[in-house]
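Notes follow the structure.
The values are calculated or read from the model by the stated rules, or taken from the named source; none is laboratory data. The structure presented is a predicted model; accordingly, all values stated were derived computationally and were not measured. Positions of Cβ are backbone-derived with ideal geometry, glycine not excepted, and every protein chain shown enters the neighbour counts.
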Amino acid sequence: MTGLAAVGAGIAVLGAGLGIGRIGGSAMDAIARQPEATSKIQTAMIIAAALIEGVALFGVVVGLLQG
Amino acid sequence: MMLKNTFKAFAFIIATVFTVNLGLANTPVDSHANAHETEHHAEKEKVDVTEMIMHHIKDAHEWHLWGGHENGVSVYLPIILIDGGLKVFSSSNFYHGEHVGHGEESYLKGTGAAQGYAMFHEKIYKLDARGNLNFNEEHHINRELNSKLLDFSITKNVLALIVSAFLLILILTGVAKSYKKHGFGAPKGMSRFIEPIVLFIRDDIARDNIGEKKYKKFMPYLLTAFFFIWINNLLGLVPIIPGGANLTGNISFTLIMASFTLILTLISANKHYWRHIFATPGVPKALLPIMIPVEIIGIFTKPFALMVRLFANITAGHIIILSLVGIIFTFQSAAWGALSVPMALFISVLELLVAFLQAFIFTMLSALFIGAAVAEHH
């Protein structure tokens, strides 16, 4: 069962990686278009990334509990 | 081109590590170990890395400094129990006590002042009349025969919390005094470092998320939460006493921090907030039986996510750093240090960023939730 939990945690990380990657990419685009709004975009980006990361960490916690 | 060079450098480092490792593969880290012990040792140490990590991320009644089970050096912290009166004694009565049982049912029987108590996985239980701990089939303590006590011990995490609170009071009252002395001109001394952070929290976190009119009331909580989480995250990264406790990676600690945000949100919420929960505008009446439970669950999931985010981030950071250092002991060769030390350094520097980021996110989301609860209807 330990192996399965690790696979599950891996899949959770995969999803979070894709999500945060998209946010980061879009934020880069937005900053390139409007450099004067950098700080606002960064804040919004960090909040969105934190929310996604929170979900991924649920996966990690389940992995820890199972392992 | 850049990528190619990076790849080349990485391949070179890996190749070097493997070549050096081949030459030293049979040199155990512990040079005193006898030849016939080495094989036995190797198997034992492999298990020990996981055990060491798990031991580190949990709370303990001792502050382990260095060494193994027998020859290690620890600071023994006081144990405070309420069991028909207050009982205070040193935890060395357990750690130097009798090892009883084996495998998953091994525990430490207290000696001296700790007579009649036993420690199992850092939790203290009262022994039964025969002087034993009783286990059920799942290797858990049988609660009917061995009751758990009211344990107010100064554990590792409690001591870390006291130290960080003391440090914080020392630093911040110093800063406050310097404003009293020099006025609100150019900041002096420590306030040069603190002032931009306070302004950042005021302007970018509180004012933006709570609103110009109401942010002032919540500044004390936001500043306290930010500095307290940050200093504890940073102290957790310091490997020696009084740092190194996994305080912000302790679920009880983050539970309390998150419940402060929850309580503050609920008591400062205005009628618009409650109307959105119990009579969401624009939703048909027939849907309300579904909407109300969802909205009520929503009140609790937000601080729950705050709790788990901080806990999991910091715990994961500690586990990664220790795992990377543990590579040396897993492979029983100092040459792996060439790989593990730079990687541990890299993750440590990353954790400095995470320490700030998690304190920032906690404060930011707290401000966001409070802001949503006090927002005027328009």
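What are the residues in region B:317-347 that are small (Gly, Ala, Ser) and touching a residue at least 60 places away in the same chain (Cβ under 8 Å), if any?
Of everything in region B:317-347, those that are small (Gly, Ala, Ser) and touching a residue at least 60 places away in the same chain (Cβ under 8 Å) turn out to be B:Gly317, B:Ser323, B:Gly326, B:Ser333, B:Ala334, B:Ala335, B:Ala338.
Quick one: would you say B:Val294 is over 30 Å from B:Ala344 (Cα atoms), of a type in the set (A, V, I, L, M, F, W, C) and assigned to a loop (DSSP other than H, G, I, E, B)?
Working: over 30 Å from B:Ala344 (Cα atoms): yes; of a type in the set (A, V, I, L, M, F, W, C): yes; assigned to a loop (DSSP other than H, G, I, E, B): no.
Judged against the criteria, B:Val294 is not a match.
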Selection within region A:36-55 - free of Cβ contacts under 8 Å to residues at least 24 places away in the same chain, within 10 Å of chain B (Cβ to nearest Cβ) and either buried (at least 17 other Cβ atoms within 10 Å of the Cβ) or within 24 Å of B:Thr254 (Cβ to Cβ) (or both): A:Thr43, A:Ile46, A:Ile47, A:Ala50, A:Leu51, A:Gly54
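Restricting the search to region A:56-67, which residues are of a type in the set (A, V, I, L, M) and either surrounded by 15 or more Cβ atoms within 10 Å (Cβ to Cβ) or at the interface with another protein chain (Cβ under 9 Å from one of its Cβ atoms) (or both)?
The answer is A:Ala56, A:Leu57, A:Val60, A:Val61, A:Leu64.
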Restricting region B:309-321 to residues that are of a type in the set (A, V, I, L, M, F, W, C) and crowded, with 21+ Cβ neighbours inside 10 Å, which is nearest to the other protein chains (Cβ to nearest Cβ)? B:Ala312
All conditions in (1) closer than 16 Å to B:Ala373 by Cα; (2) part of a helix (DSSP H, G or I) are true of B:Lys177 except (1)
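Would you call B:Ile327 closer than 20 Å to B:Val374 by Cβ, under 26 Å from the mean Cα position of the chain (by Cα) and away from chain A (no Cβ under 14 Å)? Step through it out loud before you land on a result.
On the way: closer than 20 Å to B:Val374 by Cβ: no; under 26 Å from the mean Cα position of the chain (by Cα): yes; away from chain A (no Cβ under 14 Å): yes.
The answer is no for B:Ile327.
Which ones in region B:190-239 are outside any helix (DSSP H, G or I) and without any contact (Cβ under 8 Å) to a residue 12 or more places away in the chain?
The initial filter retains those residues of region B:190-239 that are outside any helix (DSSP H, G or I), namely B:190, B:211-214, B:238-239.
Scanning region B:190-239 gives B:Glu212, B:Lys213, B:Val238, B:Pro239.
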Residues of region B:348-366 satisfying the condition of being more than 11 Å from every other protein chain (Cβ to nearest Cβ), crowded, with 18+ Cβ neighbours inside 10 Å and out of contact with any Ser or Thr (no Cβ under 7 Å at 6 or more places or on another chain): B:Glu351, B:Ala355, B:Ala359, B:Thr363
Every residue in region B:261-294 that is loosely packed, with under 15 Cβ neighbours inside 10 Å and either of a type in the set (Asp, Glu) or within 25 Å of the chain's Cα centre (by Cα) (or both), please. B:Ile263
Qualifying residue in region B:130-137 (condition: crowded, with 16+ Cβ neighbours inside 10 Å and at pLDDT 85 or above): no
